[in-house]
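Data block below; observations after.
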Amino acid sequence: MKYCIPTTLSGLLLLAALTPAQAELTGAQRSSLTTSLFQDVAMPAQRALADNTNALAQSMNALCAAPDDSTLAAAQTAWKSTSNTWSRISPLRIGPNRQRDVTAIFEAAPVDESLLKKTISTTPDDPVSPKAVFESAQLPAGASGLPVLEKLLFADGRSSPLPALAQGKTCQFGRWVASGLARRGQTLIYEWNSLGEGIKYNPVYHTPFLTEALTNAARGARAIANHQLAAGEITPPPAFFPGWRAGTSKADVTASLDSIEYILLGSPSGLGFDDMLIAAQRQEVVDGLQEKLINTRLALTALPANFTAQPGANRGELVILQKRLNELADYIAGPMAEALGTPFKK
């Protein structure tokens, strides 16, 4: 946000008396920032994830009941929405989303063709029964979650997946996977609500939540460069980029950067770390952050939407964007964290 948070007169006088290196967040500021990031940033994204996974499960049911171009397009749209929403959450690894089972089913990962074929054969006769949906959480990595649904719904990104979906239990397997995602999306809401109760009534939650959010914002920027943009590869194949089959690679990078920016600056209706820096008379740090964010956005704009079709031809744009993301990460972990006194003192 661009405005300064309200502070008491005594608080303002105290901040004015401190040198920039000594200025820290007060307990009230930590409480306000934590509450705002939770209510205005984290929870809306989590609710969107629950809604989108539910829509994905419903669209898979419709596709398997009447497989045609129309139901396929609806399922593909639902998959893209779910992937985009997860990309808005994934770089931060805060709260319940850092659990291994959550990242295993939502995170983009290679599909194991032989394992997938074997796993499809184990599809229950009723893949959406409560028992089957519960057991879907045990599906193996490489044959589960969003990555395998992308393969089922988009094939190689060029040919229609309908013939393959019609074979054996393939489409029913897709229903099984999608129903499991919907169940996990909903249980995440319950887990986040529990965390919210802790944040509301126990101030001890505030310091680790904010420290983790800021630390993981830096890590998230590096993760985009390394994982989503295949850093270090000279001529990477399309499969190195998450979302290459669905053509969502750039949209997902954009969503991931959005999530980092929301954590740093807050939502339009809430508080962000920038407000805390302004209250601590560190406008120059906010200006530096804005510069890094603008440079990263400009580099992202230069990357073609279909860059995964010929990654080698866009290597220059990829390298520049990777560099800007790492510079952003360095700034968050360096000058910004130092100005805020991270880890925050209790």
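The values are calculated or read from the model by the stated rules, or taken from the named source; none is laboratory data. Fair warning: this is a prediction, and the values are worked out from it, not measured in the lab. Note that we place each Cβ from the backbone using ideal geometry, even for glycine, and neighbour counts take in every protein chain shown. What goes into the accessible areas is simple: the full protein's heavy atoms, side chains included, and nothing from ligands, DNA or RNA. Shrake-Rupley method; radii C 1.70, N 1.55, O 1.52, S 1.80 Å.
Output the residues belonging to the stretch 114-140 that are in contact (Cβ under 8 Å) with a residue 24 or more places away in the chain, open to solvent by 30 Å² or more (accessible area, probe 1.4 Å) and assigned to a helix (DSSP H, G or I).
Scanning the stretch 114-140 gives Leu115, Lys118, Phe134, Ala137.
Matching residues to (1) at pLDDT below 90; (2) touching a helix residue (DSSP H, G or I) at 6+ places or on another chain (Cβ under 7 Å); (3) under 21 Å from Phe106 (Cβ atoms):
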{"site": "Pro237", "(1), (2), (3)": "yes, no, no"}
{"site": "Val253", "(1), (2), (3)": "no, yes, yes"}
{"site": "Glu284", "(1), (2), (3)": "no, no, no"}
{"site": "Arg297", "(1), (2), (3)": "no, no, no"}
{"site": "Ala302", "(1), (2), (3)": "no, yes, no"}
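Output the residues belonging to the stretch 141-155 that are closer than 16 Å to Ala108 by Cβ and not in a helix (DSSP H, G or I).
Ala141, Gly142, Ala143, Ser144 - these are the residues of the stretch 141-155 that are closer than 16 Å to Ala108 by Cβ and not in a helix (DSSP H, G or I).
Taking into account only those residues within the stretch 200-232 that are in contact with a Leu (Cβ under 9 Å, 6 or more places away or on another chain) and part of a loop (DSSP other than H, G, I, E, B), which is surrounded by the most Cβ atoms within 10 Å (Cβ to Cβ)?
Once the filter is applied, the top-ranked residue is Leu229.
Among the residues of the stretch 157-199, how many are not in a helix (DSSP H, G or I) and not aliphatic (A, V, I, L, M)?
Qualifying residue count, the stretch 157-199: 8.
Tell me yes or no: at least one residue of the stretch 98-112 is free of Cβ contacts under 8 Å to residues at least 12 places away in the same chain, farther than 22 Å from Gln186 by Cβ and in a helix (DSSP H, G or I).
no
Going through the stretch 238-258 one residue at a time, which ones are open to solvent by 60 Å² or more (accessible area, probe 1.4 Å) and either part of a loop (DSSP other than H, G, I, E, B) or of a type in the set (Lys, Arg) (or both)?
Hit for the stretch 238-258 is Trp244, nothing else.
Here is a check on your reading of the model: is Arg315 touching a helix residue (DSSP H, G or I) at 6+ places or on another chain (Cβ under 8 Å) and either in a helix (DSSP H, G or I) or free of Cβ contacts under 8 Å to residues at least 24 places away in the same chain (or both)?
No; evaluated as a whole, the condition is false for this residue.
Six or more apart or on different chains, Cβ under 7 Å: which pairs go from a residue in the stretch 283-305 that's touching a residue at least 12 places away in the same chain (Cβ under 8 Å) and part of a loop (DSSP other than H, G, I, E, B) to one that's among the charged types (D, E, K, R) and surrounded by 13 or more Cβ atoms within 10 Å (Cβ to Cβ)? Could you list them?
Partner pairs satisfying both residue conditions: Leu303/Lys250; Leu303/Glu317; Ala305/Lys250.
Six or more apart or on different chains, Cβ under 6 Å: which pairs go from a residue in the stretch 179-198 that's closer than 13 Å to Ala42 by Cβ to one that's of a type outside the set (S, T, N, Q) and at pLDDT 95 or above? Could you list them?
So the pair list comes out as Ile189/Ala50.
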